[in-house]
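Comments concern the structure below.
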Amino acid sequence: MNRKTLVLPAVVGLLAPALAACGGSDSGSGGGDAIVVGTTDRFIASKDAPAPLDPAYAYDVGTWNVLRQTVQTLMIQPRGEGEPVPEAAESCGFTDTGNERYVCRLRDDLTFANGDPITAADVKYSIDRARAIKADSGVFALLSTIDTVETQGDREVVFHLKTADATFPFKLSTPVAGIVNPDDYAKDKLRDGFAVDGSGPYTLQSEEKDGELVKAVFTKNPDYKGTLKVNNDKVELVSYTDAADMADAVEQGDIDLMTRTMTPEQIEQLTTDAPDGVDLVDMPGLEIRYLAFNTDAPTVRTKAVRQAMAQLVNRGEIVSEVYGSQAEPLYSLVPATITGHSNSFFNRYQDPSVAKARNILAKADITTPVKLTLHYTTDHYGAATKKEFELLREQLNDSGLFDVDIKGTPWSTFRPAEQKGEYDVYGMGWFPDFPDADNYLAPFLDKDNFLGSPYANSQIRNSLIPQSRREADRLSAADSLTQIQDIVAEDVPVLPLWQGKQYVAARDDITGTAYALNSSSTLQLWELGRGVSG
């Protein structure tokens, strides 16, 4: 059995600062052929989403993993987890006791990959651009606590916040805060297609076919200045439509490493009987899956319908029948390993019960069976999603209280339809922007939320979220975070299902696989290198 289990530091919200390696144009061993990485992530430029790789639009784990290699941010999440550290900046920090004024100073002689100098004005332009465009992906909401951005000279950027936000350094480490060249990115329009330019550790050459990015070629940027040590000269990211084809490619040596998303069956096979020369690496992950509701839709507008579903869903059966040891039941939007987690759904609903669900519906005078369609995406979260939704349908229908159908749709169609409110109930996954409880709550519950959800709770938006953000010590935010989770369990605008681990499988001459993904599922291609096959 070729398997490596990594024991990395537990993620508990904002941890103590960690040291980051110094990088630059002379970093890394480099040399050798390009390292080839396989993924089932798909990158499609469509009529509904023509600019998938614009930092002001991109808001899914796949596109962010392209941008993180190429577009530099002021801050970055360090290799060993913990609080963000300066990246394009040489220093950043709050300059007041109320966490409302944040100042960053840029590194000296910082340039874009084309040689153009980067100034504080470029940073302001990039941040203001994302805020002004307000793309329908909702990614701009990560910058919602910014009031104004000012520059002081060519190297200093000052962020004035509307309200205290202890999580702001994390938000500056996300691609929406990436620094772009005004010559390449128009102020008031998204950049269509797959071209990306920045100052990150790599430059990008896109290979596309029929409106889809099939290969991303990352070449080491010799002028990169930041904290990262780049251990290779070139990495190719190849998109596969089928996980089985990706597995065959790594076994045959056509690719060096495969990442999300492998099927549970593949992971089990690699755990017990991996091909010669292939290692499976598992590591902590913070991915969650959940059902989301359009609370304006007639079928689920009444809270009792959503509560009855929460009372019936058997998370343990979903995990055991579909995902095995690769997932755990989740009873809150906030994963169990994050500071501020509360088992609010279990506390309220306990074990699945048809009798309790029937009583909930009866008290609200809901006629049964309630007819619903559960929508899921066929190609974004892995092949096991279909099996999961078949089991959800079975659980709900076996109660006699629901008449559920399921419908699968490709992500390129699914996501725009969900954003337009075309689905009453639909399945989604979440890979955190940063490892803090706020990022599992605000993106779903605050104004301009990621889902475009009509659900609005004034106590959560106006009191509890701002209150939690005032606490630099995230343990001190636990009370307000718990209250939010309890309200979610009562109102059920979303229904959490499970949280998962993450895996990569690699040829055994590839080094750095222990850090190929961080806990937020960020693909860290700069960590990979070639060693001696063992």
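The values are calculated or read from the model by the stated rules, or taken from the named source; none is laboratory data. These numbers come from a predicted model, not from an experiment. Don't worry about glycine lacking a Cβ; one is built from the backbone with ideal geometry, like all the others, and counts go over all protein chains shown. To get the accessible areas, we keep the full protein, side chains included, count just its heavy atoms, and leave off ligands, DNA and RNA. Shrake-Rupley method; radii C 1.70, N 1.55, O 1.52, S 1.80 Å.
Annotations
- The chain - mean residue ellipticity at 222 nm from DSSP helices (-39,500 (n - 2.57) per run, n ≥ 4, rounded to 500): -7000 deg cm²/dmol
- With a cut-off of 11 Å between beta carbons, the residues surrounding GLN524 carry a summed charge of +2, where Lys and Arg count +1 and Asp and Glu -1.
- Expressed as a whole percent, the accessible area of the chain that falls on carbon and sulfur atoms is 46 (1.4 Å probe).
- For the chain, the share of DSSP beta bridges that are antiparallel, to the nearest 5, is 75%.
- When only alpha carbons are used to place a centre, the range 106-138 and the range 235-256 end up 34 Å from one another.
- Mean separation of Cα contacts under 8 Å (6+ apart) over length of the range 160-275, as relative contact order %: 13
- Average Cα contact separation per residue, the range 382-483, under 8 Å, 6 or more apart, as relative contact order %: 15
- From most to least packed by mean Cβ count within 10 Å, the peptides 224-236, 431-443, 150-162 give 431-443, 224-236, 150-162.
- When only the Cβ of Lys, Arg, Asp and Glu is charged (+1, +1, -1, -1), the dipole of the chain relative to its Cα centre reaches about 1360 debye.
- Whole-number percent relative contact order across the chain, with pairs defined as alpha carbons under 8 Å at least 6 apart: 22
- Distance between the range 195-211 and the range 354-411 - C-alpha centres, whole angstrom: 40
- Candidate cross-link partners of LYS387 among the lysines, defined by an alpha-carbon separation under 22 Å and a same-chain spacing of 8 or more, comprise LYS371, LYS407, LYS501.
- Simple spin-label estimate for SER46 and THR148 gives 4.1 nm between the two label positions (7 Å along the Cα-to-Cβ direction from each Cα).
- Considering the range 183-286 at the alpha-carbon level, its Rg and Dmax are found to be 17.2, 53 Å.
- Each residue, LYS420 and ALA297, gets one label point 7 Å from its Cα in the Cβ direction; the gap between the two is 1.5 nm.
- Around ALA478: net Lys/Arg minus Asp/Glu count, Cβ-Cβ under 15 Å: -3
- FRET efficiency estimate (nearest 0.05) - Cβ-Cβ, ASP128 to LEU391, R0 30 angstrom: 0.05
- With coordinates expressed along the principal axes, the C-alpha atoms belonging to the chain extend over 68, 57, 43 Å, beginning with the largest.
- Once you reduce the range 467-534 and the range 59-76 to the center of their Cα atoms, the two points are 15 Å from each other.
- When restricted to Cα atoms, the range 356-500 yields an Rg and a Dmax of 17.1, 48 Å, respectively.
- Dimensions in Å of the range 414-528 - Rg and Dmax from alpha carbons: 17.5, 54
- Protection-proxy order for peptides 479-488, 384-393, 402-411, 181-190, each taking the mean of Cβ atoms within 10 Å per residue, highest first: 479-488, 384-393, 402-411, 181-190
- Between 0 and 90 degrees, the angle of helix 354-363 with respect to the longest Cα principal axis of the chain falls at about 80 degrees.
- For THR295, neighbours were defined as the other residues whose beta-carbon sits under 12 Å from its Cβ, and their charges (Lys and Arg +1, Asp and Glu -1) total 0.
- Here the Debye sum runs over all C-alpha atoms of the range 136-175 as equal scatterers in vacuum, and log10 of I(q)/I(0) at q = 0.28 Å⁻¹ comes out as -1.06.
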